[in-house]
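Engineer: Could you have a look at this structure, given as structure tokens, before my questions?
The values are calculated or read from the model by the stated rules, or taken from the named source; none is laboratory data. Bear in mind that the values here come from a model prediction, so they are computed numbers and not experimental data. Please note: Cβ atoms are built from the backbone with ideal geometry, for glycine as well, and neighbour counts cover all protein chains shown. Note: accessible area is taken over every heavy atom of the protein model, side chains too, but ligands, DNA and RNA are not part of it. Shrake-Rupley method; radii C 1.70, N 1.55, O 1.52, S 1.80 Å.
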Amino acid sequence: MAKTDALQGSLDLLVLKILSRRPRLHGYAIMAAIGDTSGEVLRAEEGSLYPALYRMEEAGWIRAEWIKKDTGRRARVYELTAAGKKQLGAEESRWRSVSLAINRVLREA
């Protein structure tokens, strides 16, 4: 299975979880956190991460702000909203249900 396939359907969960623990990250830092935390098993590509961030911002789960970095370059940083915290709970619950079901099939099939 390709590394990106493992992210299918779980990118929102991963981004929301990372932002719940480390607010005000920019997109590249979110990508790095997914890779680092997963032991490089999971990798979010720019082509899927940035549309997901935009979609989550439109849904009101995250908010974005432009900041000026020490280098003088601008970066867009993201943080969770109250609606995002609620969505994170729903995503974690859904993931637990799916994981339990998959484990059942692996044991019993």
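Engineer: To the nearest 0.05, how large is the calculated FRET efficiency for residue 10 and residue 109 if R₀ is 22 Å and r is the Cβ-Cβ distance?
Structural biologist: On the way: r = 22 Å, r/R0 = 1.00.
Once the sixth-power term is evaluated, E becomes 0.50.
Engineer: Which one, 27, 84, 35, has the greatest fluctuation when you compute a Gaussian network model over the chain with C-alpha springs under 10 angstrom?
Structural biologist: 35
Engineer: How far is helix 82-108 tilted off the main Cα axis of the chain, in degrees rounded to 10, range 0 to 90?
Structural biologist: 30 degrees
Engineer: Right, here's the next one. If you take the alpha carbon radius of gyration of region 15-59 and divide it by 2.2 N^0.38 Å, what ratio comes out, to two decimals? It would help to have the intermediate numbers written out before the result.
Structural biologist: Details: Rg = 10.1 Å, N = 45, 2.2 N^0.38 = 9.3 Å.
Its radius of gyration relative to the 2.2 N^0.38 Å reference: 1.08.
Engineer: Helix 11-21: angle to the longest alpha-carbon principal axis of the chain, degrees 0 to 90, nearest 10?
Structural biologist: 60 degrees
Engineer: Between the helical axis of 27-37 and the dominant principal axis of the chain, each derived from Cα atoms, what acute angle in degrees is found, rounded to the nearest 10?
Structural biologist: 40 degrees
Engineer: Using only C-alpha atoms and all pairs of different ones, pull out the Kirkwood radius for the chain in Å with one decimal.
Structural biologist: Evaluated over the chain, this radius sits at 14.8 Å.
Engineer: Using a 1.4 Å probe and ignoring any ligands, DNA or RNA, find the accessible area of residue 58 and quote it in Å² to the nearest 10.
Structural biologist: Around 130 Å² of this residue is reachable by solvent.
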